[in-house]
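Undergrad: Attaching a single structure in structure tokens format; questions to follow.
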Amino acid sequence: MLNSKITKRLIFAKKKGYLDGCCFEACALGFHETNCFDILSIKKLTICNPEKSVIKKAIKNNHLTFVDLKGFKITRTKSFDKTFVNITKSRKESLFNIATAFFLTKINGIIIITGDKELGVDFYLKKINSFVNLNIISKSHGKITLFKKPEFIPKEIKIWKNFGKFQKINDNFFTLPGCFSEKEIDDGSRLLSSQFTNKLYGKVADLGAGWGYLSAKALESNKNIKEISLVESNLNALNCSRKNISNFKANFFWVDIEFEDLNLENYDHVIMNPPFHKGKKFVHSLVSIFLKKAKKILAKNGTLWMVYKKELQYEFVINDMFQNFECIYINKGYRIIRAIKRY
Ligand SMILES: C[S@@+](CC[C@H](N)C(=O)[O-])C[C@H]1O[C@@H](n2cnc3c(N)ncnc32)[C@H](O)[C@@H]1O
């Protein structure tokens with residue numbers, strides 16, 4: 001997507017002479033699309049992102065990454081000439097990424113921060129401006145700024161670096177910034193878990209498992225579960241679920257079900273609170289992808305348990321795939337359905 005807002009900002013900054021010169025090693029934090037960097041003369045680009053599809057694409061395009069395709073850490077240089085940060089939806093994740101840029105960039109190297117106005121880029125730039133003098137460019141409903149990494153790391157940056165640590169939320173669960181429901185348990189997931197108490201057994205799959213709330217509750221309230229598979233595209237969330245669930249019955253898969261096949265079959269139950277957003281964008285097709293995968297994973301007569309926001313009106317999509325679904329709980333905000341795979 002070469003005409004993306006980020007690319008436009010980078011082109012604009014380059015034209016103004018801010019991004020001139022060759023850069024040997026650069027790092028990109030928080031970017032979902034990385035072809036925006038094609039316009040810059042970067043010899044080695046390292047992509048840092050928790051999403052499996054981003055890492056897969058980066059490796060395919062011969063970029064470097066800090067993890068391999070299994071999610072294992074790779075030791076890399078921590079001294080980049082330039083580090084790019086893109087503001088994400090999560091405030092703590094963005095502050096952590098900015099702090100990481102300060103630590104990853106060599107002294108006198110360049111830190112570049114960009115972000116959309118609707119994601120609050122001004123908030124971050126104002127904060128940074130209090131300890132580094134910024135030259136800010138406005139372009140394509142957002143901002144971009146470049147500055148030399150200072151010799152001494154400011155106090156605030158050291159505080160923001162801590163946002164990358166596991167944080168404990170209610171019921172003693174651990175989460176990381178940028179994960180779904182990073183601050184508290186999702187109301188929809190809480191409702192779903194109250195519905196499947198003592199009803200799950202055998203093999204269970206949790207699609208889009210996040211930091212593991214549904215699986216943790218499933219294991220707690222269903223002693224007849226033999227095995228539970230947590231499938232999640234965000235590595236930070238999956239790593240939280242590993243910390244939240246120490247039960248030997250749990251298996252963890254770093255998989256993006258939109259782009260990868262899952263070798264799971266003959267499951268007795270699938271539990272899910274499917275996503276409907278990618279970043280800030282509403283993506284209606286995600287629920288169909290999740291439903292299709294659920295059907296594929298389930299054994300004949302296996303059961304799907306799903307929660308969604310009432311206003312999303314997924315009944316028609318569900319009916320296309322599971323004709324005999326029933327709504328087992330409904331309140332002001334959510335609908336919980338149970339569906340049996342008949343064929
Ligand atoms: C609404 S959240 C539910 C999380 C968790 N099950 C809970 O109830 O708290 C949906 C989850 O699906 C994950 N997800 C989104 N797209 C995905 C994909 N294509 N493949 C796998 N997981 C995905 C998101 O990262 C997110 O954690």
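The values are calculated or read from the model by the stated rules, or taken from the named source; none is laboratory data. Note that this is a predicted model, so its numbers are computed, not measured. Counting neighbours? That spans all protein chains shown, and the Cβs are built from the backbone with ideal geometry, glycine included.
Undergrad: Which pairs do you get when a residue that is charged (D, E, K, R), found in the range 217-236, comes within reach of a residue that is in a helix (DSSP H, G or I) and buried (at least 19 other Cβ atoms within 10 Å of the Cβ), reach meaning Cβ atoms under 6 angstrom, with the pair 6+ apart or on two chains?
TA: Here the result reads LYS217/SER193; GLU232/LEU238, each pair linking the range 217-236 to a residue that is in a helix (DSSP H, G or I) and buried (at least 19 other Cβ atoms within 10 Å of the Cβ).
Undergrad: Do any residues in the range 259-277 that are near the ligand (Cβ under 8 Å from one of its atoms) have Cβ atoms under 6 Å from those of residues that are small (Gly, Ala, Ser), where the two are at least six apart or on different chains, and which pairs are they?
TA: Here the result reads PHE259/SER53; MET272/GLY208; ASN273/GLY188; ASN273/SER189; PRO274/GLY208; PRO275/GLY208, each pair linking the range 259-277 to a residue that is small (Gly, Ala, Ser).
Undergrad: List every residue pair whose Cβ atoms lie under 6 Å apart, where the two residues are 6 or more positions apart in sequence or sit on different chains, the first residue falls within the range 188-203 and is within 10 Å of HIS269 (Cα to Cα), and the second residue, located anywhere, is assigned to a loop (DSSP other than H, G, I, E, B).
TA: LEU200/ASN222; TYR201/ASN224
Undergrad: Just to be sure before I move on: is ASP171 crowded, with 17+ Cβ neighbours inside 10 Å, among the acidic types (Asp, Glu) and over 19 Å from SER94 (Cα atoms) in the structure I sent?
TA: The answer is no for ASP171.
Undergrad: Can you tell me which residues in the range 1-48 are assigned to a helix (DSSP H, G or I) and of a type in the set (Lys, Arg)?
TA: Result: LYS5, LYS8, ARG9, LYS14, LYS15.
Undergrad: Oh, and also: Any idea which residue in the range 56-98 is surrounded by the most Cβ atoms within 10 Å (Cβ to Cβ), counting only those that are in a loop (DSSP other than H, G, I, E, B) and among the basic types (Lys, Arg)?
TA: Looking at residues that are in a loop (DSSP other than H, G, I, E, B) and among the basic types (Lys, Arg), I get ARG76.
Undergrad: Where in the range 257-339 are the strands (runs of 3 or more DSSP E), entirely inside, with at least 3 residues that are in the same structural domain as GLY202 (by TED's automatic domain parsing) and closer than 30 Å to PHE31 by Cα?
TA: Those strands (runs of 3 or more DSSP E) span 298-309.
Undergrad: Given the condition closer than 29 Å to ASP116 by Cα and touching a helix residue (DSSP H, G or I) at 6+ places or on another chain (Cβ under 6 Å), answer yes or no: does some residue in the range 309-316 qualify?
TA: Among the residues of the range 309-316, not one is closer than 29 Å to ASP116 by Cα and touching a helix residue (DSSP H, G or I) at 6+ places or on another chain (Cβ under 6 Å), which makes the answer no.
Undergrad: Working only within the range 287-332, note down all residues that are of a type in the set (Gly, Ala, Ser) and under 24 Å from the mean Cα position of the chain (by Cα). Spell out how you get there, then give the answer.
TA: Initially, the range 287-332 is screened for residues of a type in the set (Gly, Ala, Ser), giving 288, 294, 299, 302.
Across the range 287-332, the qualifying residues are SER288, ALA294.
Undergrad: Next up: Of the residues that make up the range 77-87, is at least one modelled with pLDDT of 95 or more and either more than 26 Å from PRO150 (Cα to Cα) or in contact with a His (Cβ under 9 Å, 6 or more places away or on another chain) (or both)?
TA: So far as the range 77-87 goes, yes, one or more of its residues are modelled with pLDDT of 95 or more and either more than 26 Å from PRO150 (Cα to Cα) or in contact with a His (Cβ under 9 Å, 6 or more places away or on another chain) (or both).
Undergrad: Going through the range 25-51 one residue at a time, which ones are within 16 Å of the ligand (Cβ to nearest atom), at pLDDT 95 or above and in contact with a helix residue (DSSP H, G or I) (Cβ under 7 Å, 6 or more places away or on another chain)?
TA: Within the range 25-51, GLY30, ASN49, PRO50 qualify.
Undergrad: Are any of the residues in the range 113-134 within 16 Å of the ligand (Cβ to nearest atom), out of contact with any Phe, Trp or Tyr (no Cβ under 7 Å at 6 or more places or on another chain) and assigned to a loop (DSSP other than H, G, I, E, B)?
TA: no
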